[in-house]
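Each remark here refers to the structure printed beneath this line.
The values are calculated or read from the model by the stated rules, or taken from the named source; none is laboratory data. Remember, predicted model here, so these are calculated numbers, not experimental data. Quick reminder, even Gly has a Cβ in these numbers, built from the backbone with ideal geometry, and neighbours come from all protein chains shown.
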Amino acid sequence: MEMTLRYYGKKYDTVTLEQIRQIPGVTGVITTLYDKQAGELWTQEEIHALKEEVEASGLHISGIESVNISDAIKVGTPEREEHIANYIATLENLGKEDIHLVCYNFMPVFDWTRTELARVRPDGSTVLAYSQAAVDAIDPAKMFEKLSADANGTVMPGWEPERMAHVKELFEMYADIDEEKLFANLVYFLEKIMPVCNRYDIKMAIHPDDPAWSVFGLPRIIIDKEHILRMMRAVDDVHNGVTFCSGSYGTNLENDLPEMIRALKGRIHFAHVRNLKFNSRDDFEESAHLSSDGTFDMYEIMRALYETGFDGPIRPDHGRMIWGEKAMPGYGLYDRALGATYLNGLWEAIDKAAHRGAPVMP
Ligand code: DNO
């Protein structure tokens, strides 16, 4: 396991590589070329420059989150062939730069969905939150306007203003797409990219749908154990893998997170580990990482990762906004640093307990 932090690049992030470098135990970043549109080619020079920037701070790139998938690929329009060709060339360029992990998602229109970016908790911290009642009451086209006021002037992943300006057309594109068609388009895409993934040993790690059910009537296919195992079987190659995001799968309380981790042994290439606090089944907020602050047993999640031999990067996920910080909601420095430290502490304890009884070296 390697502890990492997400980094959006110096043009977009309020957190610097120098700050990340000072979080104990964090050795890598998960980053991206945030300016790139889905479907566009990433050149080797651009990737190389990003790598140099990260390495100059004493860190390294542990993976890319995300190389986004265009709506043409998700919907299956004729334009998808060109986008897939660009994706393959991008993977090849990443491989040449010795980058072997790519996180992506296959969610229609929106990436993740939250209804509040700054819900105030009793301790005065603010967090991202979701209420089904609020989703049901709002026109999706208005959602972005409502949220953007709380984004602290940052560009939120999946909610880029250029995309949000076309929400209506995006919904029209998906009018005929049901779960089966979306799944078939995902398999089509994966089959096309597996040869390059094999050639360069690039592990693809699909991010679950968040929340893990249909929102605004759009299909969702990466939501629970059955769906994700179906996808693993459909393209049965170790390079077709998973980002295990506890906060996304965990939105559905029916999902037994440690059990899912065990069922996906060998196919989890990346983990986002965070906690949620449920106020009711369909109203939750993103708590601190600590088990006692939320609903999940973080020890059991980390133990399942440990016991299944997980050796990829983990990152603490969305943090609360604390200590007066102004940053991209979910992506400030302070609470994610606390999260990384807590997760490292759990891992150390699990590791030491596993070795208890082994002879002590003189
Ligand atoms: C939200 C993130 C997602 C994730 C993408 C992966 O904060 O976890 O935006 O990066 O779904 O493509």
Next item on the list: Could you name every one of the strands (runs of 3 or more DSSP E) located completely within the stretch 231-338 that has at least 1 residues being small (Gly, Ala, Ser) and within 16 Å of the ligand (Cβ to nearest atom)?
Entry: 240-245, 268-273
Margin query: Among the residues in the stretch 95-106, are any assigned to a helix (DSSP H, G or I) and away from the ligand (no atom under 16 Å from the Cβ)?
Written below: yes
Next item on the list: Pull up the stretch 263-281, narrow it to residues that are among the basic types (Lys, Arg) and free of Cβ contacts under 8 Å to residues at least 60 places away in the same chain, then point me to the one that is surrounded by the most Cβ atoms within 10 Å (Cβ to Cβ).
Entry: Arg267
Margin query: Please verify whether Ala165 is touching a helix residue (DSSP H, G or I) at 6+ places or on another chain (Cβ under 8 Å) and among the small types (Gly, Ala, Ser), treating the condition exactly as stated.
Written below: no
Check: Given the residues Tyr12, Tyr8, Tyr87, which is the only one that is within 16 Å of the ligand (Cβ to nearest atom), aromatic (Phe, Trp, Tyr) and touching a Pro at 6+ places or on another chain (Cβ under 9 Å)?
Finding: Tyr8
Checklist line | Some residue of the stretch 135-150 being within 16 Å of the ligand (Cβ to nearest atom), surrounded by 14 or more Cβ atoms within 10 Å (Cβ to Cβ) and in a loop (DSSP other than H, G, I, E, B) | finding: yes
Next item on the list: For the stretch 151-184, enumerate the residues that are within 16 Å of the ligand (Cβ to nearest atom) and at pLDDT 95 or above.
Entry: Leu182
Next item on the list: Tell me which residues, restricted to the stretch 205-230, are closer than 19 Å to Leu305 by Cβ, within 16 Å of the ligand (Cβ to nearest atom) and not in a loop (DSSP other than H, G, I, E, B).
Entry: Ala205, Ile206, His207, Ile228
